[in-house]
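To start, the structure under review is shown below, and the notes come after it.
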Amino acid sequence: LQAPGHHRMGMKSFIHLHVHSEFSLLDSTLKIDDLLKKARAFQMPAVALTDHGSILGAVNFYKKALQNEIKPIIGAELYLAPNSRFEKPNRREDELNYFHLLVLVRNDQGYRNLCELITASYLEGFYRKPRIDKELLEKYKEGLLVMSSCIQGEIPSHLLRGHEDKARLAARWYREVFKDNFYIELQNHGLAEQVQVL
């Protein structure tokens with residue numbers, strides 16, 4: 001996304017909204033100081049921190065970003081149960097027990113709601129991963145912006161399996177619940193699956 005109205009040297013700035021740090025275990029080794037140093041070097045006015053299933057680095061990230069004159073965007077890539085967070089089906093390895101869903105905080109209420117979602121994911125939905133479900137998302141939607149996530153997100157997962165009807169239904173649900181605060185995430189790191197989803 002580009003920062004509307006933000007110009008440096010006559011150009012709009014690119015802002016990373018899907019970023020994992022060392023707090024996303026087994027997924028990233030990026031340190032918050034290095035993230036902010038690079039964002040500053042590229043003159044980015046803002047950057048997000050969206051670790052898997054937690055906001056463990058959020059406070060440190062927030063303080064250091066402000067010190068570096070970078071707007072901190074707090075979020076998380078949550079794990080979404082296919083149905084109820086209370087269901088713990090014994091699925092085969094090729095069946096998903098969760099989807100990824102990127103959630104960004106828009107305001108103070110959004111931060112509180114993200115905390116509620118993460119707490120419930122560990123206390124109520126934990127099954128291999130800390131999971132939420134759509135019931136919780138609808139309950140705690142205020143102040144949040146959601147994105148369809150990577151190829152492990154609900155919509156891309158359905159597309160990869162040839163279930164365009166399920167992908168459309170899922171996209172419709174997010175649009176109805178989150179209105180203008182839902183975005184389809186586009187990724188292309190050269191993976192065949194990403195190209196297929198695009």
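The values are calculated or read from the model by the stated rules, or taken from the named source; none is laboratory data. The structure presented is a predicted model; accordingly, all values stated were derived computationally and were not measured. Note that each Cβ is placed from the backbone with ideal geometry, even for glycine, and that neighbours are counted across all protein chains shown. Just the protein is used for accessible areas: all its heavy atoms, side chains included, with ligands, DNA and RNA removed. Shrake-Rupley method; radii C 1.70, N 1.55, O 1.52, S 1.80 Å.
Laid out as a table, the results:
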| item | result |
| --- | --- |
| Long-range HN-HN contacts of SER24 with modeled amide H, under 5 Å | HIS52 |
| Helical segments meeting 15 Å axial Cα length and Kyte-Doolittle -0.5 threshold in the chain (DSSP H) | 108-123 |
| Gyration tensor over alpha-carbon atoms, the range 93-132, equivalent ellipsoid semi-axes in Å | 23, 12, 4 |
| For the range 74-151 versus the range 25-52, the gap between their alpha-carbon centres in whole angstrom | 22 |
| For the range 47-153, accessible area per residue (1.4 Å probe, heavy atoms of protein chains only), Å² | 48 |
| Within the chain, percent of DSSP bridges classed antiparallel, to nearest 5 | 55 |
| The range 95-171 shape via C-alpha gyration tensor axes, a/c threshold 1.5 | oblate |
| Three-way shape label, the range 131-198, alpha-carbon gyration tensor, a/c 1.5 | prolate |
| q = 0.17 Å⁻¹, the chain: log10 I(q)/I(0) [Debye, one scatterer per Cα] | -1.22 |
| Loop-located GluC sites (Glu not before Pro) in the range 139-192, at most 13 other Cβ atoms within 10 Å (DSSP) | GLU142 |
| log₁₀ of I(q)/I(0) at q = 0.12, 0.15, 0.21 Å⁻¹ - the range 39-144, Debye sum with one point per alpha carbon | -0.44, -0.64, -1.02 |
